[in-house]
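Down below is the structure, laid out as structure tokens.
The values are calculated or read from the model by the stated rules, or taken from the named source; none is laboratory data. Note that the structure is predicted; figures quoted are calculated from it, not measured. Quick reminder, even Gly has a Cβ in these numbers, built from the backbone with ideal geometry, and neighbours come from all protein chains shown.
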């Protein structure tokens, strides 16, 4: 409902702002409490992506939909999520959260997924960050690059606490790994 000049009546703006503010506070509180894994020394554990940091996650998208009954927030269209030095790009990002514990349970990104962190880059069709299990799963033409080194497979699983990963080929497919040996100058450093 708009007036002749295209301005919303004040009572509708107030309702929209209050609803948006509540939703924003919910997202911020979840994101700030999302990282629970820490190393023994008390500093945040480093991993590839969004699972172990206590820093907030900033997300931009074309649309956002909150579903409190399903404990789910869905970001659609040109989604960009940033946390510290990691950036996630995807068509859609769905965050499932535990409303009682006020923390994120999992983050699912689908469609042209790209994760960039310093000189590490990963692309796939779907990535799932499992908070409780400290696990990241990349599916669908997964490619991980670190510098010039490349690993390709259909599915990649990274177990954060164990600092262990494994790569699976697709149906009848194989895993491809390219390792570029460092030059003599790089080894001296």
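Restricted to the stretch 83-131, the set of strands (runs of 3 or more DSSP E) holding at least 3 residues that are farther than 22 Å from residue 65 by Cβ and free of Cβ contacts under 8 Å to residues at least 40 places away in the same chain comprises 120-130. Restricting the stretch 160-175 to residues that are modelled with pLDDT of 90 or more and under 15 Å from residue 140 (Cα atoms), the residue that is surrounded by the most Cβ atoms within 10 Å (Cβ to Cβ) is 167. Only residues that are in a strand (DSSP E or B) and at pLDDT 95 or above were counted across the stretch 41-63, and they come to 2. Taking the criterion of being on the phi > 0 side of the Ramachandran plot and under 14 Å from the mean Cα position of the chain (by Cα), the residues of the stretch 71-104 that qualify are 78, 84.
Which ones in the stretch 74-86 are modelled with pLDDT under 95 and in contact with a strand residue (DSSP E or B) (Cβ under 7 Å, 6 or more places away or on another chain)? Don't jump to the end; show me each part of the working.
Filtering the stretch 74-86 down to residues modelled with pLDDT under 95 leaves 81-86.
Answer for the stretch 74-86, where residues must be modelled with pLDDT under 95 and in contact with a strand residue (DSSP E or B) (Cβ under 7 Å, 6 or more places away or on another chain): 81, 82, 85, 86.
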